[in-house]
Amino acid sequence: MKKLIAPSILSADFTKLGEEVEAIKQAGADWIHVDVMDGHFVHNLTLGIPIVEALARTNPPPLDIHLQIDKPESFSEKFIDAAGDSILGITLQYETCALLHGSISRIKARGVKAGVAISPMTPIYVLEEVLDYVDMVLIMTVEPGFPGQKFITSMTEKVSRLREIIDGMDNTPLIQVDGGIKMDNIKLIADAGADSIVSGSGIFGTSDYAETISNMRAEIES
Ligand code: DX5
Ligand code: ZN
């Protein structure tokens with residue numbers, strides 16, 4: 001299956017967000033990863049509903065919304081509405097979402113992919129009951145909160161373990177990996193079994209997005 005590259009818009013130049021979306025779309029991004037943070041779960045406050053509404057007006061690649069917020073279930077449908085036809089999926093953070101079954105069901109009932117993310121120190125086994133329900137599992141390879149952090153190398157083995165578990169299952173959620181991924185480690189993560197790869201500063205921090213994404217694709221397909 002083709003590996004999907006999802007640039008995180010949080011690392012884009014917000015003074016020209018519409019142009020950045022168009023540039024990343026022309027550069028071949030499969031999805032746009034949208035990092036929503038509320039200053040409670042993580043010590044950062046990023047973007048919300050109005051920005052997602054604006055993104056949706058730019059005819060973007062599908063929006064992959066990562067809710068790093070308290071009580072994400074209370075906002076998931078508001079973000080689905082804000083994204084409109086551009087919505088791909090909503091990813092809830094395991095650590096802040098107590099009522100996962102209902103929260104996942106409500107996202108799926110809207111015909112939207114439901115994902116669950118786990119932070120680096122959260123073990124895979126907490127997802128045991130979730131794996132049969134979700135469309136995607138997001139393995140965080142940095143502590144949630146900020147772009148530009150260093151990739152936590154021990155997470156590669158965690159991705160491989162999850163790959164092995166999912167390959168033995170009937171329901172096969174996608175594995176997404178997010179945090180500190182750049183040209184020098186993207187192959188490691190792809191080979192470990194990631195299906196979707198998020199990169200923020202690793203793409204928006206370069207001068208030629210198309211060249212970067214093309215080089216990343218060459219790296220992961222090699
Ligand atoms: C961290 C976010 C990541 C981050 C990715 O809380 O979920 O998506 O913005 O940015 P880089 O690729 O620069 O680590
Ligand atoms: Zn993210």
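The values are calculated or read from the model by the stated rules, or taken from the named source; none is laboratory data. Since we're looking at a predicted model, the values are computed, not measured. Positions of Cβ are generated from backbone atoms using ideal geometry, with glycine treated the same way; all protein chains shown enter the neighbour counts.
Filtering the range 70-124 to residues that are closer than 18 Å to Ile139 by Cα, in a helix (DSSP H, G or I) and in contact with a Lys or Arg (Cβ under 8 Å, 6 or more places away or on another chain) leaves Thr96, Ile124.
A single member of Gln149, Gln93 is among the polar types (S, T, N, Q), within 16 Å of ligand 2 (Cβ to nearest atom) and closer than 16 Å to His33 by Cα, and it is Gln93. Thr58 - would you say it is within 14 Å of ligand 2 (Cβ to nearest atom) and surrounded by 14 or more Cβ atoms within 10 Å (Cβ to Cβ)? Criteria not met by Thr58. Give the range 189-207 a look and list any residue that's within 29 Å of Lys16 (Cα to Cα), surrounded by 19 or more Cβ atoms within 10 Å (Cβ to Cβ) and either out of contact with any strand residue (DSSP E or B) (no Cβ under 7 Å at 6 or more places or on another chain) or without any contact (Cβ under 8 Å) to a residue 12 or more places away in the chain (or both), or say none. Of everything in the range 189-207, just one residue is within 29 Å of Lys16 (Cα to Cα), surrounded by 19 or more Cβ atoms within 10 Å (Cβ to Cβ) and either out of contact with any strand residue (DSSP E or B) (no Cβ under 7 Å at 6 or more places or on another chain) or without any contact (Cβ under 8 Å) to a residue 12 or more places away in the chain (or both), namely Gly202. Set side by side, the residues Ile152, Ile181, Ile186 differ, and just one is surrounded by fewer than 18 Cβ atoms within 10 Å (Cβ to Cβ), within 11 Å of ligand 1 (Cβ to nearest atom) and β-branched (Val, Ile, Thr), which is Ile152.
Considering the conditions (1) within 15 Å of Ala114 (Cβ to Cβ); (2) within 12 Å of ligand 2 (Cβ to nearest atom), Glu77 is excluded by exactly one of them, (2). Selection of the range 45-84 for residues being β-branched (Val, Ile, Thr), away from ligand 1 (no atom under 16 Å from the Cβ) and under 19 Å from Lys108 (Cα atoms) yields only Ile80.
Being at pLDDT 95 or above, closer than 23 Å to Pro173 by Cα and not acidic (Asp, Glu) narrows it down to one of Gly115, Gly39, so name that one.
Working: Gly39 fails: closer than 23 Å to Pro173 by Cα.
Being at pLDDT 95 or above, closer than 23 Å to Pro173 by Cα and not acidic (Asp, Glu) holds for just one of Gly115, Gly39, which is Gly115.
Inspect the range 33-54 for any residue being in a strand (DSSP E or B) and without any contact (Cβ under 8 Å) to a residue 12 or more places away in the chain and give the result as yes or no. Yes, some residue in the range 33-54 is in a strand (DSSP E or B) and without any contact (Cβ under 8 Å) to a residue 12 or more places away in the chain.
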